[in-house]
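To start, the structure itself, in structure tokens.
Every read-out reported here was derived from the displayed coordinates using simple, explicitly stated rules and does not represent laboratory data. If you're wondering where the values come from, they're calculated on a predicted model, not measured in any experiment.
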């Protein structure tokens, strides 16, 4: 998903919720954006290439964990009572018959463990695309604090400044 928006949207809705860390953070921001009265537009003819590493056991475990945990977070935050009942039933089923990291996702949701909890992913990178908004870059970087490396691209420059995060520090 590519999320293009104005500064006003972030000022009124906030940035990505750090509880999600991975998966469903875009859906959460979209719901909050819509709830603040902004219009969400879907462009079906747009094409986005999303490069991901080859599927591996670590990647599958990572997806099992974050999709399970964050689906519960998103569902119990925004869904109808009927959907919440279905999520509860599914959670119980996953606890007994799910894969290892699905079980861990349910347990961590129940014990309010959010953010970057799983350790099966070695490096996280983020990309921020801005449009002449240098004053917002610091806030964007703070909201992506879980990333090991962040590349910031200013749309009015051929190649924008690159920020790298190493051990919590920011450098150009």
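Numbers below:
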{"quantity": "Full-extension gain in nm, residue 35 to residue 89, via 0.36 nm per residue minus C-alpha separation", "calculated": "16.7 nm"}
{"quantity": "Whether region 56-95 is rounded, prolate or oblate, judged on the alpha carbon gyration tensor where a/c under 1.5 counts as rounded", "calculated": "oblate"}
{"quantity": "Isotropically averaged projected area of region 1-41, using the convex hull of Cα atoms (one quarter of hull area), nm²", "calculated": "2.8"}
{"quantity": "Region 7-120 - Rg (one decimal) and Dmax (whole number), Cα, Å", "calculated": "15.7, 45"}
